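Enquirer: Would you mind keeping the following structure in view while I ask a few things?
Laboratory data are not the source of any read-out in this text; all were calculated from the coordinates shown. Note that this is a predicted model, so its numbers are computed, not measured. Backbone-built Cβ (ideal geometry, glycine too); neighbour counts: all protein chains shown.
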Amino acid sequence: MTFHSWGFVFAGMVTAILLLNIIQWITYRTRIYGLYTLYMLAWLLRVQTFDNGVFPQLHLFIRATASMIAFYIYFDFGDAFLNIRQRLPALYKLFPIARAVIILYVLIQLIICFVLPQWHPQWYEAAFSLIRALLAIGGFYAVYQLLKLKDVVARYFLAGTLFMQIGSLISQGLTFGHPADDISGPFWTISLVYLQVGLILELICFSLGMNYGQRQLAVRHALVEQEFTRAREQHHREQLEAELSLQRLEQEKALMRIQALQGQVNPHFLFNSLNVLDTLIEEDPDRARVFLEEMSTVYRYLLRANEQPLTDLATELSFIQSYYHLLRTRHGHGIQLMTTISERYQTYQLPPLTLQLLVENAVKHNSALPDHPLFIDISTDEKGRLLVSNTIQRKTSRVVSNGVGLSNILSKYQMLGQPAPVIQEADGKFWVVLPLIQPSAIERA
């Protein structure tokens, strides 16, 4: 294989690596890929430039300085590759000195090639040999320092640097007694070939190390993201559990308060009923016995009602009829109860014992005499409300009231999150308008 044939192979391999790196640069947009691209371009300029006799001084300047520019970029590239600033501070401290030497060398070659009136090949070669020797020494010191790093990425970088050092030394050795620009003969006798081989092996190691590092970084990012997602889901789950616990606590609290309010009714009703029974025992023992049986039936309902915060209207109306019969035992025709309930509202709901409290409240504050009866009316309207009214005929004697009845009803509706009942007096009647609760609304709640 001739050197020209080898040149095509070399150019193809370097171009492929360069294009792959450019794609990664565009994909990741990180500084290291930009430095790597500049590093490869500087070396391509060195190993692919030949003297064509048109601009000999320019050729000589590029030959002497292109590789130095590549080494200048190498310092920043190595730091970005391995974080040498933090991991190898002793090596990093030499980078500014090496950069200054390279800049000085480039200026000297610029003067030799373009400023001096006469060409001085001995000065040119002396400066070139000196800088290569200094960089060779610095390169082996860098290899020594890189041996301290034990990770895989550092090993790739170390191997690439060694390949480049060995290729450069072999190339320099072959230039003694053989012109560097002489490309005649088999390609393995050409000094530049070994520099190119070292460069290819270096670029392959660097590319593998960068790909490995990128994969490791992607894995770390994925693990961090996974951990973050897991923590976020855990936080969300704990938040939901806390909200559910708070809701259960609020529900239990509301239920306990409702049960406490219902508990206020039973002693209140029992106290009044016992007073009635005490009176009937003296006046009419037979009626007292009937009253006691009906009172037992009513009280059983009161005990069951304490087990639930709501009951349907049909059940409450059935109970109020029993309660009405209980009242009739004492008051006879002095109380008249009328109910006008639409069938469509029979399944609607309300707090248990609501009607009992209102009827009891009406009897407590108004006189109920056979010749002047107390009329109590329970009906529904087209808006789905329950209307409870009684005629106003207040007792002449002072009635002691502790306000349990109406305040109990208002509190229950408030805790159930329902509109408050409306209480008013109009046209000689006392009115209480109660919102009925649809069963579907309770299921949604």
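Enquirer: Using a Förster radius of 25 Å, what is the FRET efficiency between ARG287 and GLN321 based on their Cβ-Cβ separation? Nearest 0.05, please.
Expert: Details: r = 19 Å, r/R0 = 0.75.
Efficiency for this residue pair is about 0.85.
Enquirer: I need the shape label for region 3-233. Rule: rounded when a/c is under 1.5, else prolate if a/b > b/c, else oblate, with a, b, c from the alpha carbon gyration tensor. List each step's numbers first, then the result.
Expert: On the way: a/c = 2.22, a/b = 1.80, b/c = 1.24.
Judged from the Cα gyration tensor, region 3-233 comes out prolate (a/c at least 1.5, a/b above b/c).
Enquirer: For VAL219 and PHE114, what does the FRET efficiency come to when R0 = 56 Å and r is the distance between their Cβ atoms, rounded to the nearest 0.05? Please report the intermediate quantities before stating the final value.
Expert: Details: r = 51 Å, r/R0 = 0.92.
Efficiency computed from Cβ-Cβ geometry: 0.60.
Enquirer: Only one of the listed values, (1) 147, 41, 40; (2) 72, 59, 45; (3) 64, 58, 40, was derived from the coordinates as Cα extents along the principal axes in Å; which label is it?
Expert: Computed from the coordinates, Cα extents along the principal axes in Å corresponds to (1).
Enquirer: Another one. For the chain, with the dipole built from +1 on Lys and Arg beta-carbon atoms and -1 on Asp and Glu ones, taken about the Cα centre, which of PHE95, ILE112, PHE430 lies farthest toward the positive end?
Expert: Comparing the listed Cα positions along the dipole, ILE112 ranks first.
Enquirer: Work out how much length HIS235 to TYR28 would gain on full extension: take 0.36 nm times their residue separation and subtract the Cα-Cα distance, in nm to one decimal. Provide the component values of the computation, followed by the final result.
Expert: Working: separation 207, 0.36 × 207 = 74.52 nm, distance 3.20 nm.
Residue separation times 0.36 nm, minus the Cα-Cα distance, leaves 71.3 nm.
Enquirer: Name the residues whose placed amide hydrogens come within less than 5 Å of the amide hydrogen of SER342, ignoring near sequence neighbours (fewer than 5 apart) on the same chain.
Expert: Long-range HN contacts for SER342: THR380.
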